[in-house]
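*Asks:* Attaching a single structure in structure tokens format; questions to follow.
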Amino acid sequence: MTQHWSYEPPRAPRARPRRVGLGIVGAVAAAGLAGGAFAAPAYSAEAPVAAAELIVNGDFSDETGAPWWWTADNPGAVVDGQLCADVPGGTTNPWDAIIGQDDVALVAGQEYTFSYTAGSTVAHTITVNVQEAAEPYEQQFTSQDALTETPETFTHTFTATADDPAGQVAFQVGGAADDLTFCLDDVSLADGAAAE
């Protein structure tokens, strides 16, 4: 009868797993924290921040129109999500008919981005001011913008020259020869580099 033999090579002795003492790990972690290795990243002081919107109800989602106001001869109303006003023709000055908002706080040296969308049933150039809300109505920004029947978005950037905790945005729409309807939407006055 034939016998079969199998050969098994000798096994190497098994190495015992090596343990690291918890005291060493704790010491290494503590040293790393003390050295700032695990500290949260610091944010630069120049990191961009969200621009603060200074206009209330600039999209006219509040159908009362508040806190917008208008002069008596050009009553305004929110129509289809925009503020519209019937402006009489034959007035002499842009400020003979105004739509505005008060309590706009400005800070000297701060850059602001001012934008709005507007149109007019008659081609007409309006004056837009960011100014004092009382005499002498000193302006921190002014622009003459030409409107047509096709609503257009206007964007302006300016730097405030003085602190004014209760400034005013005024759309001066008077001075047209003919009656017209002026419509305004998406008004924004934001501090910081909003355009970036």
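*Asks:* Give Asp178, Asp185, Asp163, Asp145 a once-over and let me know the one that is closer than 22 Å to Asp80 by Cβ, open to solvent by 30 Å² or more (accessible area, probe 1.4 Å) and of a type outside the set (Val, Ile, Thr).
*Replies:* Just one listed residue meets the conditions, Asp185.
*Asks:* A further question follows. Cβ contacts < 8 Å: first residue within 12 Å of Leu184 (Cβ to Cβ), restricted to the range 73-90; second residue of a type in the set (Ser, Thr, Tyr) and at pLDDT below 95, any location; separation 6+ or different chain. Result?
*Replies:* Every condition considered, the pairs that remain are Val78/Thr64.
*Asks:* Still on this structure, I have one more. If you check Leu106 against the conditions, is it closer than 25 Å to Ala52 by Cα, surrounded by 18 or more Cβ atoms within 10 Å (Cβ to Cβ) and of a type in the set (A, V, I, L, M)?
*Replies:* Yes, satisfied.
*Asks:* Quick one: which residue in Ala118, Ala85, Ala72, Ala66 is surrounded by fewer than 19 Cβ atoms within 10 Å (Cβ to Cβ) and at pLDDT 95 or above?
*Replies:* Ala66
*Asks:* Shifting gears a bit: Just the residues that are surrounded by 10 or more Cβ atoms within 10 Å (Cβ to Cβ), modelled with pLDDT of 95 or more and part of a loop (DSSP other than H, G, I, E, B), please, taken from the range 34-61.
*Replies:* The answer is Leu54, Ile55, Val56, Asn57, Gly58, Asp59, Phe60.
The values are calculated or read from the model by the stated rules, or taken from the named source; none is laboratory data. Bear in mind that the values here come from a model prediction, so they are computed numbers and not experimental data. Please note: Cβ atoms are built from the backbone with ideal geometry, for glycine as well, and neighbour counts cover all protein chains shown. What goes into the accessible areas is simple: the full protein's heavy atoms, side chains included, and nothing from ligands, DNA or RNA. Shrake-Rupley method; radii C 1.70, N 1.55, O 1.52, S 1.80 Å.
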